[in-house]
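The values are calculated or read from the model by the stated rules, or taken from the named source; none is laboratory data. Everything numeric here is computed off the predicted structure, so don't read it as measured data. Cβ coordinates were reconstructed from backbone atoms using ideal geometry, including for glycine residues, and neighbour counts include every protein chain displayed. SASA here: full protein model, heavy atoms, side chains in, ligands and nucleic acids out. Shrake-Rupley method; radii C 1.70, N 1.55, O 1.52, S 1.80 Å.
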Amino acid sequence: MNIKEELMKLKNGLLARRDKKQEEKEQNIPNDTLEVVKDEYTTFRNINSRLRNLDDKVDNYINWYFKNAVKGHYTPIGEYSEPIRMRDLIEKIAVWYELRYPQYEVNRLMLGSSKERTEINEVMFNNNQYFSDMLNSSNNVNLNWADFYNKEAFINSLPSNEQFMFREVHYRSNVTIDANVPYIIRLHFTPDGIVEMAENFNYLKEDNSIDLDSYFVGRHIKEVLQYLKSNNISLNPNNNLEEEIKWHDKWVFLKDEFLNCVMYRIIERGGNRIGPRRAFLFAKEFNRNIDIPMMYGVDTSDPGLKLFVDEYIKAGGSLDLICYENYFSRAEKNAILSSVSVREIMSIENRSKGRQYSK
């Protein structure tokens, strides 16, 4: 199946369920049962976790994207241009967030080192001549720019091929299992991969002590694979069940890491104080890891650092998180950086100002 067919397959599944809210479900499956499925992209995740430089994280993702979703699926021109298009899209999302939350608005929401008198609601609505003319009134309006230029409105304004990166990934409605038996062995799934119906699985085993067709109903596709392997029920190499899991997980990872890269660019573009704070807002809105903005947001000269830490802790952050000190003040890309825990930051800040820990 080439990349265009994969995209069409995913698109059809997404469009069919685009209005359904995805429920996050923990699957109690040992990690080692699916290592063979994950091999082609876990290398990126492992390397990525060791990288300190945010730009390197983005470069590594683009390289992974080229290897796993571009190379061999496009013309030579496409293979050259598609990674550029992906990088540009990451940058576009980061720029949108800057426009939505300018520096002075970030400082207003999360007190930093400076304040400006400019207010984005005044600029975009009350002092906007076009807006006043449309209302045919000089009266001020009570609108909020961040709510007006919201996530849904922005995503809907994108071309369909870019909106695609924000849509949920679903499993196919059914998967036929390759087996050397004269019956069609098939699973029917919900979009989240829960088995709705199983057909003829009892023909895969000699023991009739358990009715697999009934047993699999209500279980996740990965639990089915785990059961088959742990009970030595052999499947053909590159069987459809494992291929479906592999395909789904790859696209989930691609889209998930795409949003992480947007967050990395928000941090880098915003600089030592505004970048991490703006990325923190992004992380909360897009369900990213709030540890990352905090890790890169420790500017020891920042008079608002304690307040940033307070916001991080209130959002569920950890006092034991290890952060880089003065990431943006390094003299060279690979300069050695000292580290400090959030707990130490709180202690230092409180001692220096003679106060107790905040609630």
| message | Of the conditions (1) surrounded by 14 or more Cβ atoms within 10 Å (Cβ to Cβ); (2) among the hydroxyl-bearing types (Ser, Thr, Tyr); (3) at pLDDT 50 or above, Tyr41 satisfies every one except a single condition; which number is it? | response | (3)
| query | Just one of Glu285, Glu268, Glu244 is in contact with a Gly (Cβ under 9 Å, 6 or more places away or on another chain), acidic (Asp, Glu) and open to solvent by 10 Å² or more (accessible area, probe 1.4 Å); which is it? | reply | Glu268
| message | Condition first: open to solvent by 50 Å² or more (accessible area, probe 1.4 Å) and of a type in the set (Phe, Trp, Tyr). Now tell me which residues in region 138-165 satisfy that. | response | Phe148, Tyr149
| query | What about Ser173, is it touching a Phe, Trp or Tyr at 6+ places or on another chain (Cβ under 9 Å), modelled with pLDDT of 90 or more and among the hydroxyl-bearing types (Ser, Thr, Tyr)? | reply | yes
| request: Return a yes/no flag: does region 96-114 have any residue that is surrounded by fewer than 15 Cβ atoms within 10 Å (Cβ to Cβ), modelled with pLDDT of 90 or more and at negative phi. | output: yes
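Return yes or no: is Leu228 over 30 Å from Phe280 (Cα atoms) and either of a type in the set (S, T, N, Q) or open to solvent by less than 10 Å² (accessible area, probe 1.4 Å) (or both)? If you could, list the steps in order and put the result at the bottom.
Numbers: over 30 Å from Phe280 (Cα atoms): yes; either of a type in the set (S, T, N, Q) or open to solvent by less than 10 Å² (accessible area, probe 1.4 Å) (or both): yes.
Yes, satisfied.
From the set of residues in region 319-330 that are in a loop (DSSP other than H, G, I, E, B) and open to solvent by less than 50 Å² (accessible area, probe 1.4 Å), which is nearest to Gly270 (Cα to Cα)?
Asn326
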| Flag for Arg288 being touching a residue at least 24 places away in the same chain (Cβ under 8 Å), basic (Lys, Arg), outside any helix (DSSP H, G or I) and more than 18 Å from Arg330 (Cβ to Cβ) | yes
| Condition check for Met295: under 17 Å from the mean Cα position of the chain (by Cα) and aliphatic (A, V, I, L, M) | no
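Just checking, does region 293-312 include any residue being touching a strand residue (DSSP E or B) at 6+ places or on another chain (Cβ under 8 Å) and of a type in the set (Gly, Ala, Ser)?
For region 293-312, residues touching a strand residue (DSSP E or B) at 6+ places or on another chain (Cβ under 8 Å) and of a type in the set (Gly, Ala, Ser): present.
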| field | Lys333, sole failed condition from (1) free of Cβ contacts under 8 Å to residues at least 60 places away in the same chain; (2) surrounded by fewer than 14 Cβ atoms within 10 Å (Cβ to Cβ) | value | (1)
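Every residue in region 231-260 that is closer than 18 Å to Ile185 by Cβ, assigned to a helix (DSSP H, G or I) and of a type outside the set (Asp, Glu), please.
Asn240, Leu241, Ile245 - these are the residues of region 231-260 that are closer than 18 Å to Ile185 by Cβ, assigned to a helix (DSSP H, G or I) and of a type outside the set (Asp, Glu).
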| task | Look through region 178-198, keep the residues that are closer than 20 Å to Asn238 by Cα and charged (D, E, K, R), and return whichever of them is surrounded by the most Cβ atoms within 10 Å (Cβ to Cβ). | result | Arg186
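Could you check how many residues of region 219-230 are among the basic types (Lys, Arg) and either part of a helix (DSSP H, G or I) or under 30 Å from Asp299 (Cβ atoms) (or both)? Break it down into steps so the answer makes sense when it comes.
Filtering region 219-230 for residues among the basic types (Lys, Arg) gives 219, 222, 229.
Keeping just the survivors that are either part of a helix (DSSP H, G or I) or under 30 Å from Asp299 (Cβ atoms) (or both) gives 222, 229.
Selection size over region 219-230: 2.
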| task | Check region 123-142 and report whether any residue there is modelled with pLDDT under 75, of a type in the set (Gly, Ala, Ser) and outside any helix (DSSP H, G or I). | result | yes
| query | Under the condition of being more than 19 Å from Met110 (Cα to Cα) and part of a helix (DSSP H, G or I), which residue from region 336-350 is least open to solvent (accessible area, probe 1.4 Å)? | reply | Ser347
| query | Can you name every residue in region 303-318 that is open to solvent by 10 Å² or more (accessible area, probe 1.4 Å), of a type in the set (A, V, I, L, M) and not in a loop (DSSP other than H, G, I, E, B)? | reply | Leu307, Ile313
| Is region 236-250 home to any residue that is of a type in the set (A, V, I, L, M, F, W, C) and in contact with a Phe, Trp or Tyr (Cβ under 8 Å, 6 or more places away or on another chain)? | no
